[in-house]
1. Has the stretch 284-292 got any residue that is among the small types (Gly, Ala, Ser), more than 11 Å from Thr232 (Cβ to Cβ), touching a helix residue (DSSP H, G or I) at 6+ places or on another chain (Cβ under 8 Å) and at pLDDT 90 or above?
2. Please work out which residue is surrounded by the most Cβ atoms within 10 Å (Cβ to Cβ), limiting yourself to the stretch 80-109 and to residues that are free of Cβ contacts under 8 Å to residues at least 12 places away in the same chain and either among the charged types (D, E, K, R) or within 18 Å of Phe196 (Cα to Cα) (or both).
3. Could you check the stretch 154-163 and list, in sequence order, the residues that are crowded, with 20+ Cβ neighbours inside 10 Å and over 20 Å from the mean Cα position of the chain (by Cα)?
4. Looking at Asn132, Asn146, which is the one that is surrounded by 13 or more Cβ atoms within 10 Å (Cβ to Cβ) and at positive phi?
5. Among the candidates Ala195, Ala161, Ala216, Ala183, which residue alone is more than 25 Å from Ala67 (Cβ to Cβ) and of a type in the set (Gly, Ala, Ser)?
6. Name the residue that is nearest to Gln133 (Cα to Cα), counting only residues in the stretch 47-72 that are of a type in the set (A, V, I, L, M, F, W, C) and surrounded by fewer than 10 Cβ atoms within 10 Å (Cβ to Cβ).
7. Quick check on Tyr280: is it within 22 Å of Thr111 (Cβ to Cβ) and of a type outside the set (A, V, I, L, M)?
8. Could you check the stretch 122-165 and list, in sequence order, the residues that are touching a residue at least 60 places away in the same chain (Cβ under 8 Å) and either charged (D, E, K, R) or in a helix (DSSP H, G or I) (or both)?
Amino acid sequence: MQLERNTSFTKLLLRMSSPLRSIAWAHAKNTVAIQLLLLAIASSGCRVLEPQPIQMVRNNVPTDLIADGEPQIERGERRPIIDGFGWVWGVPSKLMLWNRKVENHNISPETEALMAEYLQANGLSDIKVRLNQYRPMDDWRRLRRNKSVAAPWRYTFGAVATLGETIIPGRLFGGDHYNPYTATIHLYSDVPAIAFHESAHAKDFSNRVHPGNYAALYCIPMVPLWHERIATNDVMSYVMYKDSPELRRQAYHVLYPAYGTYVGSAAGYLAPSRIGTPLYWGGVAVGHAVGRWQASQEVSDAN
């Protein structure tokens, strides 16, 4: 069937007028050329992603954000219907990262333990972690009390971010992320590499002199490449330190294509709008290709 569709499309192109054929051919050439350029850059010696830990020199998160006796990591109660909806809604993300545990809304004790170990190793004892949990009132409380972020940022950008979490709950719609305004990690995927990545964002933001400014910069197109690179490189360094082949393989297979979504979005922002979507998916494809190549190189070196 695929061959039949491609053949029919080719015949259609041949019947197009000469000007339209020229436009279609130029579109195809631009798309392929830019994707090949991305692949060449990613495969060259100029490695954007590499093991590089975040050097902690401070921790600006207030020590009173978590009350005495309150657990740092909390888990939402199982809700089969809600979690089932969330699992289905997360199918595109599962396919994009090619991992069935992405946004599965069922975090295992093993992933929780690995995440807790990372947080403890990096002194992030006041970062709140919600495992598939919806607690908006507590998040608003944390927003009010997180004095590490200046009030103008908390009650503008922070209020918008927390309002988004309130009216579009991740418990239904997924979206693993770290909210720097509430110093809270929201996790819906049973993937240790993703748990480490969101924890690395927490580490990065808490290490900044002005985390509010740093968070606001994320809204500027292309700037997220900087934030995501720092977090991903810290995770790569951490999994190398853990000396776990499975964690390293998972980090390559998941975090590289995830970073590719940001590369594709940035390239699409610079390119004409008509090729933005192909560039986005091209970034994901390049991320998968490079991540798997890096993982295979490690296997080869080990042997």
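The values are calculated or read from the model by the stated rules, or taken from the named source; none is laboratory data. Just so we're clear, the structure is a prediction, and the values are computed from it rather than from any experiment. Cβ atoms come from the backbone with ideal geometry, glycine included; neighbour counts cover every protein chain shown.
1. Checked the stretch 284-292: at least one residue is among the small types (Gly, Ala, Ser), more than 11 Å from Thr232 (Cβ to Cβ), touching a helix residue (DSSP H, G or I) at 6+ places or on another chain (Cβ under 8 Å) and at pLDDT 90 or above.
2. Top of the filtered list is Lys94.
3. Across the stretch 154-163, the qualifying residue is only Arg154.
4. Every option except Asn132 fails the conditions.
5. Ala216
6. Ala67
7. no
8. Across the stretch 122-165, the qualifying residues are Asp126, Lys128, Arg135, Arg142, Arg145, Lys147, Pro152, Trp153, Phe157.
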